[in-house]
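Report on the following structure.
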């Protein structure tokens, strides 16, 4: 009889699970590889699912200020992601994928929103409806690190690797924007507002996911289109490379959600612990000091 119970056996580490996924991807055809990676994106990286996202788990405990910080940080990624697609457009050499990238970018630039780019809808809606500015921000280390590492992944001369990165963006987008939708609505509620269907912010979200979950989500169409476009040109024996970039993007997105959730929780505590440091103690130079004549009033805090 096996003396070791299941609960006594160590669970595979994330690295071990990733390596196993890469091994299985290398032995799979394209269609099976895509199915494997789609499942892995949520199984290996729970933060990329609405149901297990660390921010959504604590959403109702977050203040308006916490939510504002989170939304502004995410806006930095939203801005950068468009430039990553531009990078992919420049570097890609596959005809079908070029068409799909252009279709996606046309929508980002307003093909389905009466000519208004998605980012302009975001900026105006956040400013006018959520009291949040998104221009000229300095982002935190988690967001800067995410953008830096994703840019590095997209700056590749390997078209298969590039395709995997694009596929990961689309595979994770539906859950990502459903999380963002919940965060935006919670911020609105915290400041006494409602994002109704006619609001600019709601229109921005509707450009990515439908009000109700389903196959009509624009991002589902983008994902299916990306699968078909990559499949038209991807070499059959390069699925491991495709899987590497796909999982690399998932890793970075997941890490950002995990890091930003910690930062959101710690911000109120940091503020509370640092209270008082802006009120220095009164100070006087010793009587023998040549600066004593300056007087304590010069250095003491002003009442």
Notebook entry, point to check: Can you work out the base-10 log of I(q)/I(0) for the chain at q = 0.11, 0.14, 0.15 1/Å, using the Debye formula on its C-alpha atoms alone?
Noted result: -0.73, -1.08, -1.21
Checklist line | Packing-based exposure ordering (other Cβ within 10 Å, fewest first) of 11, 238, 91 | finding: 11, 91, 238
Item checked: Kirkwood hydrodynamic radius of the stretch 152-203, Cα pairs, Å -> 13.4 Å
Next item on the list: Give the distance, in whole Å, between the Cα centre of the stretch 82-157 and the Cα centre of the stretch 182-203.
Entry: 22 Å
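We did not get these values from a lab; they are worked out from the coordinates using the rules stated. What you are looking at is a predicted structure, and each value in this text was computed from that prediction instead of being measured. Glycine gets a Cβ as well: all are built from the backbone with ideal geometry, and neighbour counts include every protein chain shown.
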